[in-house]
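One structure below.
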């Protein structure tokens, strides 16, 4: 990118300082919104921009804001800064290095939905980051950008940070709300969805950090300008977190619709010498494994095209896997992760991830037979589509897709039949 | 069919198809319930019809299809044959979380659904220990039953990979947790949160490590804990009372009625004849029996665990006759002869004192004997007002579950959860449904948490509060004391009076907090006046409810008994005493003198109580578990209980003994069959006119459907096939027009020192509680409760030993400090050995 929309600190390091951010028209969008626009107008601009949620599902942001129940008050904004997906590390960089643009996004969202108290839910490991954000928030209060009766209007806004206690499930929006309420982090039944029944039972917008960081520039430069980036159905730029067997891992802000090939080989510097690309996980550990053939590499990374190669864009944490990796090792890792993180609320995920972990352990250590691979596939299939929240499904994506698409990795791991075990009878 | 359905007929019904059957249910019904109503089983573990759905266990996954709608026209799309086109979603849906909708098609029999059920069972069994042969739930276990019906039959899980978890975790001293068996359905935690508002247990950790823990100290500190074992769909939660005691299939079931308090919970007594009890039949456990008009499907822990007195080896089995200083065994003939002779000669100098746990048949026969002898029939109780309840008590068809927005409930002078736990629960639920709840009490109680309006008064002003409410909307009486005038200015009293005036239905509960018998009478009369003046008598869901101290106090009043305002004088005036099911000397040591001086004392009892020890004749009786009879509860519902175990030889039922005594007096009373005794009673008492044992045994379909084969659906609470009881018309409904009877009030006396007030505790030191060893740590020891200010003044610290002087008795007590207690007042629990019968001056020393 010639110039960044989100990772603007890469163009100007000083943007993390409030005076610098303000000099570059920072918070002018917020001031204009509060003093000149009504909330619906702000929502309309975001709706027109086509901005889609960057947390993974890609739901149209403006539409979500419109869903807020106008007959039930107060309204809340809860920012999902739990960033727990393995391979995802974009929100952290945004909040660390371009914090005011993120906070302005939170403030614009709050104004658009008539919220006076916005919450930022950060994963527990972000305690130092939360501390920094608190300092930024204090500065905004001093500059009268937060607080009561902003810019002489009746509008008031406070932002609160809240730390989780270390649970992947709290990145699921309703589990996050439960945790924010001080309860055990377990997902709620949906429907009702947060815009009608959210935090403390009140209408709540839950947005990802990156989603909101887009909003100030959309307001400043307009929906049409924003649609100049990306594709028609997936406008804008996206931060791709690139990791795995690649020379230059890191965050790359690129227009949606950029191909895997461009990201991995042009920006990411390709693979180590002598290695060839085997697979791609485009959405972290919750992702299906894409066979990295030419078709896949030339696929555009956006919400519509990634499904064509059998995966989802998700939070766009692109994990590159080279030919040194055996898939039985890889899924053993992902399944361990999900077994550790399953909240336990629903049966298939709680019991199934534990069972899968036992089987992948056996397979990886050469203690399994082919029936175990089939059993693993069966268990994963039985979890899929039957859980309370999406995380159960996530736990199975890598498993079923790798058994389907990288069958030979498993065939070489397991002997043809189970070694006979001696049965001792004792009376 | 059920109340819900009956209501729905008038409202909008939704038509849908479940398993190819047309079903019509009220809007808002969940798919699992719609199926249940149609007699179709959708298996569940976490869903319980009394609680909000959570969709956790995934057992109820079904295919749900909805009519396709043409977006442009908004009209349903049709197939070629004209039938509506049905769209099925890509995933199965949980029937417990989806409400029915018009034209919905539910399929619970397809291969996909069958597979899903098999899979969920398979998943659950990967962590379940399958120790059914040693599990208390085995035989009545939802998991066991549903595994047999839907499970895979063979395990693909390697047994060695099962996790070993703790199997004997005491959550409290009444409930044990087996962590291996728990399937994390959260029924127990949700029951404690949602239903009884004691959130003392919850989940800790996550995933497979998810575990039920207790947050309270002592553990699982709740009066409701036993219910969690009924709704637990596995053997994870068991009671200390029943665990490892018997297998469910060995148990006999007998319908009974709990008589600890006046709610009259329907119970089932499970019994077994067993070697370890010497071949005797014994009660193994007390289970709730469904009566949606009384206790729904719940009972409190006192009702569940305090039953062991009935099997005590200390029970009397032989009549005793005084010979000099000693009571010596005698035959029934000798004893009855002596009693008959002596009573015949009593010449009007006679009184009967009966306890509130006797049956209606007992009261009737005793009253007949007493009337024949021209004596007084006295009820041993701390409360009065039963004659008013008989007149203006809640009308026929009253069901606390019907109360909703627009209705008003006033609870005055009662710590309801301690005095009548199920009333507390059902009023809490009424308040949550929108009924306006007014709680008037001098101190904060648990009911306050759901009250819409609180009235705080000083002890002694109970009736004044009600008079002030009356005065605020009717011509003021000039002779009201200052306290009424002062309360008239109280905003909460004024607002409560407005609530009462605009109420659709009004029920007033009065309790015994801080009152003696006279105070109780004054309060009852004030409450009756309030109801009469506002026209809330003589119809269902309106009227007066006394929170009686015993299970059948109302039955006593109906049979002609009354509480004595001055028991010592009344007993002294009638030197021939017939004491039945009461221990006045044990309760009040100062009455010993009266009994010393009495001419002839007959005591009918289970045990050799303090009073019995002073008697001339002691006659052994049968507990309610070994005989049959009827009780009338606080809501005036007459309910029937059945014998659970064979009568212990030597003892007789109270009504039978009274009838046999009556024989000597020329009375023809029924002495054999309780049902015939009841017929005689019904013929004589207008309130019980036309009632028969047959009518009391009638049942009708209740919702939710529980018990039966599908234990999984509502838990192991028993289905009610033995009778829901009958609420006969009140006096007001029978056309007796109750008159306003105004009792002039006086202000409470000005006092200098501390005032002791009696309060009721669920687990007192009454004989029924102290014979149940498993409740030992719950027994209330002699204690007082005072305000932090008074404690500081007296130099008392929390838990310190103090000495009190109360009603001429000095006692050592533990001092508790509670900021809910008003200054200048000391709470003294009843029935823990302290000398408290009403408000009284008290001296407290360190």
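Across the protein assembly as shown, the convex hull enclosing all Cα atoms gives 220 Å³ per residue. Just to check, using Stokes-Einstein with a Kirkwood Rh over alpha carbon pairs, what's the diffusion coefficient of region A:352-394 at 10 °C and 1.306 mPa s in µm²/s? D, rounded to a whole number, is 148 µm²/s. By how many degrees, between 0 and 90 and to the nearest 10, does the Cα long axis of helix B:462-473 differ from the longest principal axis of chain B? Helix B:462-473 and the main axis of chain B meet at about 70 degrees. FRET efficiency for the residue B:486 to residue B:22 pair, using the beta carbon distance and R₀ = 60 Å, is estimated at 0.40. Treating r as the C-beta distance of residue B:477 and residue B:498 and R0 as 22 Å, the FRET efficiency rounds to 0.65. Per residue of A:184-193, other chain Cβ atoms within 10 Å of the residue Cβ number 3 on average. Give the percent of DSSP beta bridges with both residues in region B:754-845 that are antiparallel, rounded to the nearest 5. Taking every DSSP beta bridge within region B:754-845, about 60 percent pair in antiparallel fashion. Rounded, prolate or oblate: which fits region A:8-226, taking a ≥ b ≥ c as square roots of the Cα gyration tensor eigenvalues, rounded meaning a/c under 1.5, else prolate when a/b beats b/c? Because its axes are fairly even, with a/c under 1.5, region A:8-226 counts as rounded.
Based solely on its DSSP helices, what 222 nm [θ] is calculated for the protein assembly as shown when runs of n ≥ 4 H residues each add -39,500 (n - 2.57) and the sum is averaged over all residues, nearest 500 deg cm²/dmol? Before the final figure, lay out each step's value.
Numbers: 43 runs with 389 residues, N = 1273.
My calculation for the protein assembly as shown gives -8500 deg cm²/dmol from helical runs alone.
Take every DSSP beta bridge whose two residues both sit in chain B; close to 55 percent of them are antiparallel. With 0.36 nm allotted per residue and the present C-alpha distance subtracted, the residue B:331-residue B:665 stretch has 118.3 nm of extension available. Angle of helix B:360-372 to the longest C-alpha principal axis of chain B, folded into 0 to 90 degrees and rounded to 10: 20°.
Could you compute the FRET efficiency for residue B:401 and residue A:276, with r as their C-beta to C-beta distance and R0 at 60 Å, rounded to 0.05? Could you put the intermediate results ahead of the total?
Details: r = 71 Å, r/R0 = 1.18.
Computed FRET efficiency for residue B:401 and residue A:276 comes out at 0.25.
Here region B:166-189 is scanned for amide nitrogen atoms under 17 Å from the site 7 Å beyond the Cα of residue B:215 along Cα-to-Cβ, giving B:171-172, B:186-189.
Between residue A:135 and residue B:131, the simple label model (points 7 Å from Cα in the Cβ direction) yields a spacing of 5.5 nm.
Values of log10 I(q)/I(0) for region A:131-213 across q = 0.17, 0.18, 0.25 Å⁻¹ run -0.85, -0.91, -1.19, by the Debye formula with one identical scatterer at each alpha carbon and no solvent. Show me, bin by bin at 10 Å from 0, the whole-percent P(r) of region B:754-845 based on Cα pairs. Over region B:754-845, the share of Cα pairs per 10 Å bin runs 18, 50, 27, 5 percent. The Cα atoms of region B:633-744 give a gyration tensor whose axes a ≥ b ≥ c have a/c of 1.5 or more with a/b no greater than b/c, which makes the shape oblate.
Were the residues from residue B:449 through residue B:673 laid out at 0.36 nm apart, the gain over their Cα-Cα distance would be 75.9 nm. Given their separation in residues at 0.36 nm each and the Cα-Cα distance between them, residue B:347 and residue B:118 gain 74.6 nm when the chain is fully extended.
Apply the a/c threshold of 1.5 to the C-alpha gyration tensor of chain A and tell me whether it is rounded, prolate or oblate. It comes out prolate by the Cα gyration axes. Residue order for A:302, B:590, fewest other beta carbons within 10 angstrom first, comes to B:590, A:302. Over the Cα atoms of region B:122-239, the radius of gyration divided by the Kirkwood radius equals 0.97; this is the Rg/Rh ratio.
Diffusion coefficient of region A:237-321 by Stokes-Einstein, Kirkwood radius over Cα pairs, 25 °C, 0.890 mPa s: 201 µm²/s.
Peptide B:89-98 has a mean of 2 when you count, residue by residue, the C-beta atoms of other protein chains within 10 Å of its C-beta.
Using the 10 angstrom Cβ neighbour count as an exposure proxy, how do B:60, B:182 rank, fewest first? List each step's numbers first, then the result.
Values: B:60 29, B:182 24.
The order, fewest Cβ neighbours first, is B:182, B:60.
When the label point is put 7 Å from the Cα of residue A:247 along its Cα-to-beta-carbon vector, which residues of region A:263-293 have a backbone N closer than 18 Å? It comes to A:263-278, nothing else.
Here chain B is treated as a sphere whose radius is the Kirkwood value from Cα pairs; by Stokes-Einstein at 37 °C and 0.692 mPa s it diffuses with a coefficient of 113 µm²/s.
The ranking of B:314, B:516 from fewest to most other beta carbons within 10 Å of each one's beta carbon is B:314, B:516.
Against the main long axis of the alpha-carbon atoms of chain B, helix B:674-684 sits at an angle near 70°.
Kindly work out what percent of the DSSP beta bridges joining two residues of the protein assembly as shown are antiparallel, to the nearest 5.
Numbers: 82 of 157 bridges.
Taking every DSSP beta bridge within the protein assembly as shown, about 50 percent pair in antiparallel fashion.
With no solvent and one point per C-alpha, what does the Debye sum give as log10 I(q)/I(0) for region B:321-407 at q = 0.21 Å⁻¹? Treating every Cα as an identical point scatterer, log10 I(q)/I(0) equals -1.19.
When the P(r) of region B:352-400 is calculated, the portion above 13 Å amounts to 66% of the C-alpha pairs.
Every read-out reported here was derived from the displayed coordinates using simple, explicitly stated rules and does not represent laboratory data. Please read all numbers here as calculations on a predicted model, not as lab measurements. Heads up, the Cβs are rebuilt from the backbone with ideal geometry, glycines too, and the neighbour counts pull from every protein chain shown.
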